[in-house]
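Beneath this line is the structure, given in structure tokens, with notes to follow.
The values are calculated or read from the model by the stated rules, or taken from the named source; none is laboratory data. As the structure is a prediction and not an experimental result, all values here were calculated from the model. For neighbour counting, all protein chains shown are included, and Cβ atoms are generated from backbone atoms with ideal geometry for every residue, glycine included.
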Amino acid sequence: MASLDNVSPAHNQSFLFSQMPLLDLFFPGLGPVTSPAWSLLTGGPSIYSRALCIVGLLLLFGNKSARATIVSTPNRPTVSKIEVPYTDEAYDMLIFWVCSQPFAQSARTSLAKIDLKSSAEPGSHAEKKPLHYSPCNGRSYFWHKGRLFVFNRQRTLGDFGGTREEASLSYFGRNPAVLRELFNECRRFYLESVENKTCVFEHQLDRWKASRSMAKREMSTVIINRKLKEMLLGDVTEFLDPKTRAWYSKRGLPYQRGYLLHGPPGTGKSSLCLSIAGHFDLDVYVLTLSSLNDHSLKTLFAELPQHCIVLLEDVDATAVHRKPDGSADPSQSVGPDGSTDKKVSLSTLLNVLDGLASSQGRLLIMTTNHIERLDPALIRPGRVDMKVELYLADEDMINQLFFFVYNHPSKTNIRDDESGRIIPQPGEGAVDDCELLHLGQEFVAKVPKLEFSPAKILSFLLANKHSPRHAIANVVAWMEKLKEEKAKLTRITSWALDDNDGFGDH
Ligand SMILES: Nc1ncnc2c1ncn2[C@@H]1O[C@H](COP(=O)(O)OP(=O)(O)OP(=O)(O)O)[C@@H](O)[C@H]1O
């Protein structure tokens, strides 16, 4: 790939001469004038000014056909074009590829954003918040594999104060296969960049949009009851088996499966969902019911791809109302604060979950801290096929969490070639396997069972990650502190309630 802007003058010149027969093909009559013009053009400061020179020369000296070509470019039928809607993942593929190309760096109009994906090391003030530029609101001309293309991206003000974007890729030729080949290249480039990552999609109005991609979370990093984990993995594996799909299809059943992950905060519900996505290489589509209405919910379900996870987090927080006669209220749902301005009705939610408008092969994962608050219709078999309860840490989980922190694979892999023993890592307070086993037992003995969430224990261990002995020495004091904080919080809450009551009495 080469842009007119980003090649050294000498190289640029020879490169451009190699393109001249091609220019002749698309701009009949251009050949005789290009030769002296190239030397002028290759020294120009930007692609824009060079493009202007070309246009000027053609209009001045070109024959009738060349002038006509310029005037109607690039909307003439001699130009092939692919348009890409903003809300499609193809848009991300194109923009991602474009931004990696040299011509993007010299675009005259760009969109500047903080580069959230930058892997720059924190610390240096000068390198904080690096910027990322992408061509915008204008045409960029570029050469790719000996052909001239045009990238065009327009941002306009959309409905409700938002921005609308659209992009297109054009090619000076009639063969659409050339454009498709380039687009395929964009697709491959994009897919390579998200390999070993889990892509998360969120909705903007009633369209899905890729919001982030994150490193796949390994199943082994989520510490839950081992049998439960095996059962869950087995169930998903069987569901995603192509034979199961055929089985569903023969019986005319919607090919989809629902899971409810429930349990106290910090027990790993969201983490488990992400690790399932990582393990089975599925993308996650996050639904936020509170920002949707019936119509957008239906549209979003209709636009789900095959084989994906739909995640409905904290589903109790947007409980949907029933009518007094017990049927699902078609017009209202209630937010956690009791307000009735949310617009997804229970009946519509149940319908979309039943799969009438849904994709084939979707896994629905709902999470909640309060299963008792959910409408029974929402979690009846067929809509939720498996309920997975996650607990506060029991003995086995405390032990697993301890080993997860101090015996991480990255450390155990570093072994002495001859003895096979772990080589202590400097500054890590490293201990050998046997000692770690004893320390683990000591730690487990000090922590009460089913009292702390895995999130809390993990956070404590991470604060002591360099030394398991420190963790053991500090764990009792840590638990005392947590208890004190909890008691303080309870006092404040009851004081606030008493105060409110007292105020109300007056
Ligand atoms: N069982 C677990 N195994 C490993 N890490 C866990 C586990 N539970 C929680 N964590 C860690 O604690 C943090 C919070 O976990 P997560 O958000 O998955 O919990 P949750 O149950 O979804 O919480 P909430 O109900 O508050 O949304 C994450 O950093 C996660 O890595």
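Quick grid of which residues meet (1) more than 23 Å from LEU232 (Cα to Cα); (2) buried (at least 20 other Cβ atoms within 10 Å of the Cβ); (3) within 13 Å of the ligand (Cβ to nearest atom); (4) over 26 Å from the mean Cα position of the chain (by Cα):
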position: LEU346; (1), (2), (3), (4): yes, yes, no, yes
position: LEU353; (1), (2), (3), (4): no, yes, no, no
position: GLU372; (1), (2), (3), (4): no, no, no, yes
position: ARG380; (1), (2), (3), (4): no, no, no, yes
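Taken as a whole, the structure leaves ASP341 outside the set of residues that are more than 14 Å from the ligand (Cβ to nearest atom), at pLDDT below 90, surrounded by fewer than 17 Cβ atoms within 10 Å (Cβ to Cβ) and within 27 Å of PRO242 (Cα to Cα). Scanning the range 262-286 for residues that are of a type in the set (Gly, Ala, Ser) and in a loop (DSSP other than H, G, I, E, B) turns up GLY263, GLY266, GLY268. Are any of the residues in the range 282-289 in contact with a Pro (Cβ under 7 Å, 6 or more places away or on another chain) and within 15 Å of the ligand (Cβ to nearest atom)? No, the conditions are met nowhere in the range 282-289.
Tell me, please, whether a residue that is more than 16 Å from the ligand (Cβ to nearest atom) and either at pLDDT 95 or above or closer than 21 Å to VAL84 by Cβ (or both) can be found in the range 213-232. Yes, the range 213-232 contains at least one residue that is more than 16 Å from the ligand (Cβ to nearest atom) and either at pLDDT 95 or above or closer than 21 Å to VAL84 by Cβ (or both).
If you take the residues of the range 249-267 that are away from the ligand (no atom under 15 Å from the Cβ) and either more than 21 Å from ILE379 (Cβ to Cβ) or outside the structural domain of LEU282 (by TED's automatic domain parsing) (or both), which of them is surrounded by the fewest Cβ atoms within 10 Å (Cβ to Cβ)? Don't jump to the end; show me each part of the working.
Taking the range 249-267 and keeping what is away from the ligand (no atom under 15 Å from the Cβ), we get 249-258.
Then keep just the ones that are either more than 21 Å from ILE379 (Cβ to Cβ) or outside the structural domain of LEU282 (by TED's automatic domain parsing) (or both); that gives 249-252.
Numbers: SER249: 12, LYS250: 8, ARG251: 8, GLY252: 6.
Applying the filter and picking the extreme gives GLY252.
Counting only residues that are in contact with a Lys or Arg (Cβ under 7 Å, 6 or more places away or on another chain) and not in a loop (DSSP other than H, G, I, E, B), the range 204-218 holds 3 of them. The number of residues in the range 385-407 being over 20 Å from GLU451 (Cβ atoms), crowded, with 17+ Cβ neighbours inside 10 Å and aliphatic (A, V, I, L, M) comes to 1.
Considering the conditions (1) at pLDDT below 90; (2) crowded, with 17+ Cβ neighbours inside 10 Å; (3) polar (S, T, N, Q), SER170 is excluded by exactly one of them, (1).
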